[in-house]
Amino acid sequence: MIPCIEYSCVSVVVIGCADPPISSDGSAWKRRMHDTMTIGCTGSDVTWKLTCVGNQWHGTYSNCTDGMSNVCSVYSVHHYLELKLA
């Protein structure tokens, strides 16, 4: 005779990162490849790279709808700092 189990517990652990929110007005795009996400502004060369570690995205990105001059300024400073550190 098989005993009946009156109570059972199920534990689910999700590993990975949900896609980060981006503007839905078409000003931005995102491309995901495994644990790497590239986010960019439509019609420009501005992009950001994020990496999923555990269940959190590491990296930063900006809002493309704030105006391309602001985004390009942030990108230029960030790109300049990367070159200085390399």
| note | Going through segment 41-50 in order, the residues found to be in a strand (DSSP E or B) and touching a residue at least 24 places away in the same chain (Cβ under 8 Å) are Cys41, Leu50
| Taking into account only those residues within segment 8-28 that are more than 14 Å from Asn55 (Cβ to Cβ) and under 11 Å from the mean Cα position of the chain (by Cα), which is surrounded by the fewest Cβ atoms within 10 Å (Cβ to Cβ)? | Pro21
| request: Using the structure shown, decide if Tyr80 is in a loop (DSSP other than H, G, I, E, B) and at pLDDT below 90. | output: no
| Which residues, taken from segment 29-40, are under 15 Å from Gly54 (Cα atoms) and either polar (S, T, N, Q) or surrounded by fewer than 10 Cβ atoms within 10 Å (Cβ to Cβ) (or both)? | His34, Thr36
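The values are calculated or read from the model by the stated rules, or taken from the named source; none is laboratory data. Nothing here was measured: the structure is a model prediction, and the numbers come from that model. Quick reminder, even Gly has a Cβ in these numbers, built from the backbone with ideal geometry, and neighbours come from all protein chains shown.
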